[in-house]
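Chemist: The structure's right below; bear with me while I get my questions together.
Each value in this text was obtained by applying a stated rule to the coordinates, not by laboratory testing. Here the structure is a predicted model, which is why all the values come from computation and not from measurement. Every residue, glycine as well, gets a Cβ built from its backbone with ideal geometry; the counts of neighbours run over all protein chains shown.
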Amino acid sequence: MDDKHIVAVIDFGSQYTRLIVRRVRELGFNAKLYALEDLDQIADPGAIILSGGPKSTSDADAPDIDYNWLTSFNVPVLGVCYGMQLLNIKHGGTVKPGNKKEYGPADLIPCACEGLYQGVSPCSQVWMSHSDTVDRISDDCKVIARNKEGVPVSLQWSNQCFGIQFHPEVSHSIEGNTILRNFLAEADHLAPFDIGDFKNRMIREIRERVGDREVVCGVSGGVDSTVLAVLLHEAGINSRAIFVDNGLLRKNEAEEVRANFDRVGVKIEMVDASEQFLSALAGVTEPEKKRKIIGELFVEVFQQAVGTADMLAQGTLYPDVIESASNSKSKASTIKTHHNRVGKILELQAQGKVLEPLAELFKDEVRELGVSLGIPHDILWRHPFPGPGLAVRCPGAVTKERLDIIRECDAIFIGKLKEHGWYHKIWQAYAGLIPVKTVGVKGDERSYEFATNLRAIVSEDAMTADWVELPYSLLREISNAILNQVKGINRVLYDISTKPPASIEWE
Ligand code: XMP
C-alpha cells in the first residue's frame, strides 16, 4: 500500500494500540501501525502518534525513540500515555511513579476550549491506564488539561507536539474521537481512507504480485475468506477456492457454505478431511496443542488438495497480524496462537508464497469491502467462527460424540436467536460443551450428563467483549428446547463473563 501522508501509529505495546489505528480510519484518514523495529518503513507520514505501553520510562529496557528522527518529518506528533511520558522526558521534563496504578474512568478538565480540546465538554470522562505520571515539565511546555485533582494529564510543547495521559481510542473516553479529530486537524494533506479506493488498489496490487501464477485460497464460509475469494475472483487472476471440512464445523455448515458461494458466483472445491482431524486430535486436551495440530494439519490437507499451486492466499486481518506476536514484533503479549500464524504458514511466508490482501483491515472494514464487492448482507453479517472450529468450544477431549452434542445445542441456540430477531444484534454467539457430568432427572430416569454453555457477546473487533442481556423468557425457551431435544445434556448455563478477563472462546 502507498503510505504517503498516512498517520503513523508507533507501537509501544499497549493492548489498545490498534484501536488508535481504527479510530483514525473511522475519522476518514489512513493509518498504519509500526513496530519500533520497523520505523525505517515510515517515509512521508502526515502525522505521528506514539502509543501507550506497559513499561515505565524508568525501566532499564524501556522502549525509546530517536527524537531527532521524530521531529525530522515536521508533522504533528501526539503521545498517548507512555508516549506522552516519553515526549515529556525528551523535552527535558521528568516522570515519577504514581501513588497507585490508575485504571478506569476519570474526569478530564481542559484548561481551555481550544486546540486539542475544541468542542470538548468542560469536564469529560476519559479512560486512564497508567502507573507513572508526569512530574516536572520543561519551560516550553504548557499544561492543556488536568484531572479533577489538578494533576496535568495533557501537555503541549509546540503547535505540532501534544501529549495525553488518557486513552482517546477506548470507547469509555466519551469525547475521545473529538480529541483525535482535533489533533488530526493540525495535519496537512492527510491520506484519506476510502474503502472503494482501497479495493481498487488491492486489486491492482494482487494482479501485480501474482502475475500469471496460480493462487489457492482456503475458504471457511466466514466473512474474511469469502471476501478474499470474491476479491481474487474480481481481480481476474488464476485462483481456486478450497473448503476443508475438518469435522469441527457447525451443523449443516458445509451445505450452507456451498450454497452461499453459489450465490456469489465463486466455484469452490470441497475436501472432507474430518476423520483425519478427529484422529489427530484424539486424546489431546491442551488448548494450545489442539490449535497447533489443527493449524498444521490444515496446511497439510490443504497442500495435498492444492497440488502444485504457486501461492496461498489467506484472509488474515489486521488484528490477527498484531495479536500473533511471533509475526508482529508487537510488545503486547501473545494470548493465543492464531491459526494463520502457525509454523508451516510462516515457512511459506518466508518463501514469499503467502498473499494476505486483507491484512491491513479490521473486520468492519472487511465487511464494507464485501459490500463494495456486491456480497449479500446475510453472508457479510454472519457471526465470526474460529478457524479451529468447535474444538475450541469443547474443553478436554474432542470426540465426534461431543461435537455432535455441541452442534445440536448450537443449532437450537442460533435458530432461536434468529427466530426472535436477536442474531444481528449480537456480535457472536455459540453453544459449547462443559465436559462435566452432573446428575439430573429426565422423565422418570436419573440422568448423568454434560452441561452446555451458551455465550452471546457484543464487541468491537473482539478485543474486548461484553455479554448480552438476553431476555429471561428467551433464555428459558432456549434452555427448554435444548434440555428436551439434545441427548447428552441435562444442564444449560449462560456465560456472563466479560472479556477481559475471560476470552470469547473457552480455549
Ligand atoms: P477470543 O477467544 O480470543 O476470540 O476472545 C476472539 C475472536 O477470535 C475468534 N478466534 C479465532 N478466529 N482463528 C480464527 O480465525 C483462531 O484461531 C481463533 N481463535 C479465536 C473468536 O471466535 C472470536 O471471534
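Chemist: Per DSSP H run of n ≥ 4, the term is -39500 (n - 2.57); total these for the chain, divide by its residue number, and report the mean residue ellipticity at 222 nm rounded to 500 deg cm²/dmol.
Modeler: My calculation for the chain gives -10000 deg cm²/dmol from helical runs alone.
Chemist: 7 Å from Cα along Cα→Cβ at both N238 and S459: what's the point-to-point distance in nm?
Modeler: Placing both labels 7 Å along Cα→Cβ, they lie 3.9 nm apart.
Chemist: What ranking, highest mean first, results for peptides 310-318, 474-482 when packing means the other Cβ atoms within 10 Å averaged over each residue? Don't skip to the answer; put the middle values down first.
Modeler: Details: 310-318: 23.0, 474-482: 17.1.
Result, highest mean Cβ count within 10 Å first: 310-318, 474-482.
Chemist: Report the full-extension gain for the segment S503 to C111: residue separation times 0.36 nm, less the Cα-Cα distance, to one decimal in nm. Walk me through the numbers before you get to the answer.
Modeler: Numbers: separation 392, 0.36 × 392 = 141.12 nm, distance 3.95 nm.
Length gained, S503 through C111: 137.2 nm.
Chemist: Let me ask something else. What Rg and what Dmax come out for the chain when only alpha-carbon atoms are used, in angstroms?
Modeler: 24.9, 82
Chemist: With +1 on each Lys and Arg Cβ and -1 on each Asp and Glu Cβ, and nothing else charged, work out how big the dipole of the chain is about its Cα centre, in Debye to the nearest 20. Please report the intermediate quantities before stating the final value.
Modeler: Details: 56 positive and 70 negative charges, 225 e Å.
Magnitude of the dipole: close to 1080 debye.
Chemist: Given a Förster distance of 35 Å, report the FRET efficiency between D404 and R207 from their Cβ-Cβ distance, rounded to the nearest 0.05.
Modeler: On the way: r = 44 Å, r/R0 = 1.27.
It comes out at approximately 0.20.
Chemist: In a shell of Cβ-Cβ distance under 10 Å around S124, excluding S124 itself, what net charge do Lys and Arg (+1) and Asp and Glu (-1) give?
Modeler: On the way: positive: none; negative: D107, E175.
In short, -2.
Chemist: How charged is the neighbourhood of S158? Take every other residue with its Cβ under 11 Å from the Cβ of S158, and add Lys/Arg as +1 and Asp/Glu as -1.
Modeler: Numbers: positive: K142; negative: D140, E186.
After counting each charged neighbour, the total is -1.
Chemist: Related question: Once label points are set 7 Å from the Cα along Cα→Cβ at both V439 and K487, what is their separation, rounded to one decimal in nm?
Modeler: The answer from the label model is 2.4 nm.
Chemist: Compute the signed sum of charges (Lys and Arg +1, Asp and Glu -1) over the other residues within less than 12 Å, Cβ to Cβ, of A305.
Modeler: Working: positive: R240; negative: D245, E269, D272, E300.
Value of the local net charge: -3.
Chemist: For the chain, what is the relative contact order in percent, using Cα pairs closer than 8 Å and at least 6 residues apart in sequence?
Modeler: Values: 984 pairs, mean separation 55.3, N = 507.
Answer for the chain is 11 percent.
Chemist: Also, quick follow-up: Multiply the residue separation of D272 and A60 by 0.36 nm, subtract the distance between their alpha-carbon atoms, and state the gained length in nm to one decimal.
Modeler: Values: separation 212, 0.36 × 212 = 76.32 nm, distance 5.33 nm.
This chain segment gains 71.0 nm when fully extended.
Chemist: Next up: Report the calculated FRET efficiency for Q351 and S131 (r = Cβ-Cβ distance, R0 = 41 Å), to the nearest 0.05. If you can, show how the numbers build up before the last one.
Modeler: Details: r = 44 Å, r/R0 = 1.07.
Plugging the Cβ-Cβ distance into 1/(1 + (r/R0)^6) gives 0.40.
Chemist: With each label point set 7 Å from Cα along the Cα-Cβ vector, what nm distance links D38 and K418?
Modeler: The answer from the label model is 3.8 nm.
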